[in-house]
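Visitor: Before I ask anything, here is the structure I am working with.
The values are calculated or read from the model by the stated rules, or taken from the named source; none is laboratory data. Given the structure is predicted, the values throughout are model-derived calculations rather than measurements. Every residue, glycine as well, gets a Cβ built from its backbone with ideal geometry; the counts of neighbours run over all protein chains shown.
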Amino acid sequence: MRQEQDQTIAKDQIQKIRVVPLLAVLLSGAFMAILNETLLNVAISPIMDAFGVEASTAQWLTTGYLLVVAVLVPVSAFLIQRFTTRQLFYPGSRHRDPDPAADERDISGHPA
């Protein structure tokens, strides 16, 4: 009896899913991923010129980026399920700019 009620509840929840917004989010995410990888591939030539490296060395940038994304996608899904938005936002914002006084120094660490 309980199992039948659970199945009925699950069917009702599935029917409530709005398909069009879900597909819009998935398609826009796929587009952004492809665009991001394409822009990185286009940037390989200027990166080669800027750092004076060969194409094979610069292509490791793309490989490394894709590996990092492949790791961060499931990790971020786990973190979103495990913690609240507030618990993730504050440490993330502090990690982005741990030293607000860094804007006052030049690249060598001396005051501007």
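Visitor: Would you check which residues across the stretch 31-63 are modelled with pLDDT of 90 or more and within 24 Å of Gly92 (Cα to Cα) and list them?
Guide: Residue satisfying the conditions is Met32 alone.
Visitor: Hey, among the residues in the stretch 37-52 that are surrounded by 12 or more Cβ atoms within 10 Å (Cβ to Cβ) and without any contact (Cβ under 8 Å) to a residue 12 or more places away in the chain, which one's nearest to Val68 (Cα to Cα)?
Guide: Only one residue fits best here, namely Ala43.
Visitor: Kindly list, by first and then second residue, each pair from a residue in the stretch 73-86 that is at pLDDT 90 or above to a residue that is in a helix (DSSP H, G or I) and not β-branched (Val, Ile, Thr), limited to pairs with Cβ atoms under 7 Å and residues at least 6 apart or on different chains.
Guide: Leu79/Leu88
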